[in-house]
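Read through the structure below, which is laid out as C-alpha cells, and then see the notes.
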Amino acid sequence: MTVTILRELWRRRYTVGVGMAYALIVVILMTFRVTLGLPPTIESRQYDAGIAASDVLIDSPNSQVVDVGGGTSDVEGASIDLNGLSTRARLLANLMSNSPLKDRIAKAAGISPNKLLVIAPTSADGTQPATPDSPSVKVKLGDRDANVLALFVDETLPIITMRVQAPDPVTAKQLATSSVSQLRVYLKTVASADQVPDARQLVISPLGPATSATVVKGPRRMFAILAGLLVLALWCAVTVLFPRFVKTWKEAARAEAAEAEREEPASEPEPKSDADLIPWEANAPTPPRRGRRRPAAATAAGDRQSG
C-alpha cells in the first residue's frame with residue numbers, strides 16, 4: 001500500500017512540488033514578517049525581550065507583619081485592618097496606571113512616556129479594566145519597543161505585584177525599580193500637601209529587589225515547521241485521494257446507467273393511426289389480398305385433370 005501511494009505521488013510529482021511550495025510559504029510567513037515595498041523587507045517574528053518583577057507591601061505605620069493587635073483606634077498610628085490595606089493597594093495600583101504618576105515612572109526609568117503601557121489590576125468582580133487610551137501613547141501590546149507594566153493586587157493581602165516587559169532586561173529592571181520609588185515619592189508629596197502626619201501615612205515596603213531576565217518572544221520555529229509539514233501532508237492526501245474519488249464516481253455513474261438500461265422493457269412499435277398516415281394513404285382503398293401465383297405448368301396440369 002505504501003509503495004503504491006509513493007508511486008502515485010511520483011507520477012504526480014509536479015503537483016506535489018506545488019504543495020511543497022505552499023508549505024514553504026506557510027513556514028516563511030509564520031517565522032518571518034514580510035513587508036512589501038521597494039525593496040521588500042523580511043524580519044524574524046522572534047525577538048529577545050527583557051522581563052522584570054517586583055512585589056510591594058502596602059503597610060500601616062504599625063506594621064501588620066509584626067503587630068498582633070490590641071491597639072486602640074484613637075491612638076495615632078494604630079494598626080489598620082488588612083481589608084482596608086488591600087483596598088488602598090488596589091487604589092494605588094489604579095493611580096499608577098494614569099498620569100501624572102505614570103509619566104513620572106517612565107521618566108525615572110529613562111524611557112519616553114509615550115512608550116509606556118500600564119495595565120491596571122482586575123476589578124473585584126474579575127473583569128479587566130480597559131487600558132486608558134491616550135493620544136500620546138505611540139505603542140501597543142505586542143510591539144517590540146513597547147514597555148509594559150502590568151499590575152496585580154491580591155484580594156486578601158495588601159501586596160502589589162509588578163510584572164514588567166521591556167526591549168532589554170536592563171530597562172525592565174529600571175522600570176520595576178522606578179515604579180516602587182516613584183510610588184513612594186508620590187505618597188510623600190500628597191501627604192505633605194494634605195499635611196498628613198507621618199504616623200498616619202501608608203508605608204511602601206518592597207519585598208526584595210527587582211529581578212530581571214531575558215526571554216524569547218514570538219512564535220516558535222518548531223510550530224512553523226510542523227504547520228508546513230501538516231500543509232504538505234494534506235496536499236499529498238488530496239493529490240492521491242481526489243483522482244480515486246473522481247474515478248469511483250464515474251464508475252458508479254456508468255454502472256447506474258447500465259443497470260437502468262437493463263431494467264427498461266423493450267417497447268413494440270405502435271400501429272399508425274389515421275392521423276399519422278399520409279392523406280392519400282388514409283383515403284386509399286385497402287388492396288385485396290393476393291395469393292401466391294402458381295406456375296404455368298402446374299395450371300395446365302390442373303386443367304387436364306379436371307377435364
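Treat every Asp and Glu Cβ in the range 166-239 as -1 and every Lys and Arg Cβ as +1, leave all other atoms uncharged, and give the resulting dipole magnitude about the Cα centre to the nearest 20 debye.
Computed about the Cα centre, the dipole is about 180 debye.
What net charge do the residues around T239 carry, taking every other residue with its C-beta under 13 Å from that of T239, with Lys and Arg at +1 and Asp and Glu at -1?
That sum, taken over residues with Cβ under 13 Å, equals +4.
If you roll a 1.4 Å probe over the heavy atoms of the protein chains, what accessible area per residue do you get for the range 169-249, in Å²?
Computed with neighbouring chains in place, this is 65 Å² per residue.
At a 1.4 Å probe, what is the % contribution of carbon and sulfur to the accessible area of the range 201-261?
Percent of accessible area from carbon and sulfur atoms in the range 201-261: 71.
Hey, if we sort W235, W249 by accessible area with the 1.4 Å probe, largest down, what's the order?
W249, W235
If I take R0 = 41 Å and measure r between the Cβ atoms of R163 and I25 in this structure, what FRET efficiency does the formula 1/(1 + (r/R0)^6) give, to the nearest 0.05?
0.70
In nm, to one decimal, how far is the modelled label at S205 from the one at A193, with both set 7 Å along Cα→Cβ?
Placing both labels 7 Å along Cα→Cβ, they lie 2.8 nm apart.
For the range 1-45, with all protein chains present and a 1.4 Å probe, just round the carbon and sulfur fraction of the accessible area to a whole percent.
Of all accessible area on the range 1-45, carbon and sulfur atoms account for 71 percent.
So between R244 and F32, what do we pick up on full extension, going 0.36 nm a residue minus the alpha carbon distance?
Answer, rounded to one decimal: 72.6 nm.
Given a Förster distance of 22 Å, report the FRET efficiency between L141 and I225 from their Cβ-Cβ distance, rounded to the nearest 0.05.
Computed FRET efficiency for L141 and I225: 0.25.
Set the Förster radius R0 to 35 Å, insert the Cβ-Cβ distance between Y14 and A258 as r into 1/(1 + (r/R0)^6), and round the FRET efficiency to 0.05.
It comes to 0.50.
The values are calculated or read from the model by the stated rules, or taken from the named source; none is laboratory data. Quantities reported herein were computed from a predicted structural model and do not represent experimental measurements. Neighbour counts are summed over all protein chains in view; Cβ atoms, including those assigned to glycine, are modelled from backbone coordinates with ideal geometry. The protein model used for the area step is the full one, side chains on, heavy atoms only, and it has no ligands, DNA or RNA in it. Shrake-Rupley method; radii C 1.70, N 1.55, O 1.52, S 1.80 Å.
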